[in-house]
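All remarks here apply to the structure that follows.
The values are calculated or read from the model by the stated rules, or taken from the named source; none is laboratory data. Keep in mind that what you see is a predicted model, and the values were worked out from it rather than measured. Cβ: placed from backbone, ideal geometry, glycine included. Neighbour counts: every protein chain shown. Remember, those area values only see protein heavy atoms, side chains included, never the ligands or the DNA or RNA. Shrake-Rupley method; radii C 1.70, N 1.55, O 1.52, S 1.80 Å.
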Amino acid sequence: MTGMSRRTLLLGGLGLGAAALTGCTSAPAAGPVPSASGPMPTLPPATPRPGQRIVEQVLTAKPVTLDLGGPTVPTWAYGDTAPGPLVRATAGDFLRIRLDNQLPADTTIHWHGIRLHNKADGVPGMTQDPVPAGGSFTYEFTAPDPGTYFFHPHVGVQLDRGLYAPLIVDDPNEPGAYDAEWVVVLDDWVDGTGRTPDDVLAKLIADGGPAPSGGMGGMGGMGGMDHGGHGGGNAPQPWGDAGDVTYPYFLINGRVPTAPATFEAKPGQRVRIRLINAASDTIFTVALGGHRLTVTHGDGFPVEPREVDALYLGMGERYDALVTLDDGVFPLVARPFGKTEGGQGLALVTTGSGQAPGPDVSPAELAGRILLATDLRPHESVRLPSRSPDATAHMSLEGSMSPYRWGINGAPFGQNQPLTVREGQRLRLNVMNMTMMTHPLHLHGHTFALPTGLRKDTVLLAPMQSMALELDADNVGDWMVHCHNIYHAEAGMMIGLLYRG
Ligand code: C2O
Ligand code: CU
């Protein structure tokens, strides 16, 4: 296997070894997965209950020129900034949000992580028609669970433009034992720097060479298809080869590290930091120099608090952390995992006087104890009641750089067979990452439980890692499960999860 590249597909339409590994055939939807035929159970329209508080907002997606703190870039954004305007509600509120599409392209909005009404999920071709240039669409849904979320388009690789913004759902029962709250949005930036995300995807596909026709059949190649450039073969653990794209900038709240965003507070104050990774192809390691962070929530849901030096955030993941601030000026660093170009993301925390750290500052915490989601335990209040699964579905994550094609269960999205579930079932998803890359797997409309019980909607799967995820099928609709590397998703690493009677 010496010639095998880091991203060789081990399971395809043809993998003998793969069948041995999985103990089942590699046919799509192998195992006791019901057929995807038949209609979805009826879904009542989303309407506010009498007395339900309504949050209304208008978001305008449009071309803009942004100043990232030096570099100016033509891009697309919600309004005049990236991140776009905060949407904020209290758990149980009804949101009515109108998208005005002033882009020269179709778009939609997906409300990432929210257990919402299926018709508001923003997936074109599945839950709505795309919103055409010049058109509008009103998203209506109840936000049932408090937490840190965000939103972005679900069309092409638009997420890798400036089209993202935080969505915070407050907990009416939250004691709020902190003096301040900061929303910190991480991003990897390429748009308007001579390339658009569409150019990046086209180049990945072109560099990958011709795609053989039909399913993932041609992807099973065990031959070399080395992925030149960055992220090299000796990338540090645990994520192996973590990204496909070389970015010129990494941003925190829309700023490059030479002109960082600054958070001000007083020494001794306790701050809740809401971290959101809105990047398309970058896992970050995040640390606040001179401080340890107490992680309190993962993907919006409360955890048993855990003190760490730093934490990993995959694309689409969110963590909330509490910190008691020291006196001085401190770097909040988002270090891109496995990437050697483009520097890092930086913001400053100022509670007193002191020399501002430079853009390349490397806090000692980055070499300390770094949190993995699998180290966390859920808060008892959100643990799924123990129950044995009524159904099991298998998901095999597959793909290669050459050709640049990614898929689930033997084929790219559109050619793979959707998973199905019946309302009321406890579903076990046995996920296997059959590639040598890390993939952040995201499920729409639900929060699953990891084997530890931790509740999340996005989880990082390291190369060749398997994980059993469980979920209660309590939100009727047609949903997506996909890799939140937007280039992988767009190249096929998605699958449907459909409720059927
Ligand atoms: Cu944020 Cu379908 O994803
Ligand atoms: Cu992926």
Which of the lysines could a cross-linker span from Lys203 if the Cα-Cα distance has to be under 20 Å and same-chain partners fewer than 8 positions apart are dropped? Lys339
If amide H atoms are built 1.01 Å from N in the plane of the peptide, which residues on other chains or at least 5 residues away come under 5 Å of the amide H of Thr142? Leu95, His117
Cα-based Rg (one decimal) and Dmax (whole number) for the chain, in Å? 21.6, 66
Inter-label distance, nm, simple model (7 Å from Cα along the C-beta direction), Ser386/Thr452: 1.9 nm
Length released on extending from Arg88 to Leu43, taking residue separation times 0.36 nm less the Cα-Cα span: 13.6 nm
Residue by residue through region 311-326, the couplings from Karplus 6.51 cos²θ - 1.76 cosθ + 1.60 with θ = phi - 60°, in Hz, x for Gly and Pro, are 9, 8, 10, x, 4, x, 7, 9, 9, 10, 9, 9, 8, 9, 8, 7
Once exposed loop GluC sites (Glu not before Pro) are cut out (DSSP; at most 15 other Cβ, 10 Å), longest piece of the chain: 1-340
With the dipole of region 383-499 defined by +1 on each Lys or Arg Cβ and -1 on each Asp or Glu Cβ, the option from Leu454, Ala491, Asn433 whose Cα lies farthest towards the positive pole is Leu454
Is it possible to state the helix-based mean residue ellipticity at 222 nm for the chain, with each DSSP H run of 4+ residues giving -39500 (n - 2.57), the sum divided by total residues, to the nearest 500 deg cm²/dmol? What is it? -1000 deg cm²/dmol
Assuming 0.36 nm per residue, please report the length gained on full extension of the stretch Asp129 to Arg292 beyond their Cα-Cα distance. 54.1 nm
I'd like to check one number: the per residue accessible area of the chain, probe 1.4 Å, reported in Å² as a whole number. 35 Å²
Label point distance in nm, Glu264-Asp375, each placed 7 Å from Cα along Cα→Cβ: 3.4 nm
Out of all DSSP beta bridges with both ends in the chain, state the antiparallel percent to the nearest 5. 70 percent
Charge-dipole axis of the chain as Lys and Arg at +1 and Asp and Glu at -1 on Cβ define it, positive-most pick from Thr42, Leu346, Leu167: Thr42
Would you mind computing, in nm to one decimal, how far apart the modelled labels at Asp326 and Gln355 are, each placed 7 Å from Cα along Cα→Cβ? 1.6 nm
When the accessible area of region 355-450 is split by element with a 1.4 Å probe, what percent falls to carbon and sulfur? 48 percent
What is the antiparallel percent of DSSP beta bridges lying wholly in region 383-499, to the nearest 5? 75 percent
Counting only residues 5 or more apart in sequence or on a different chain, those whose built amide H sits under 5 Å from that of Thr392 are Arg428
Whichever lysines have a C-alpha closer than 24 Å to that of Lys456, once near sequence neighbours (fewer than 8 apart) are set aside: Lys119
Per 0.36 nm of contour for each residue apart, how much would the distance between Arg53 and Ala364 grow if the chain were fully extended, relative to their Cα-Cα spacing? 107.4 nm
Alpha-carbon centroid distance for the pair region 132-149 / region 237-300, whole angstrom: 25 Å
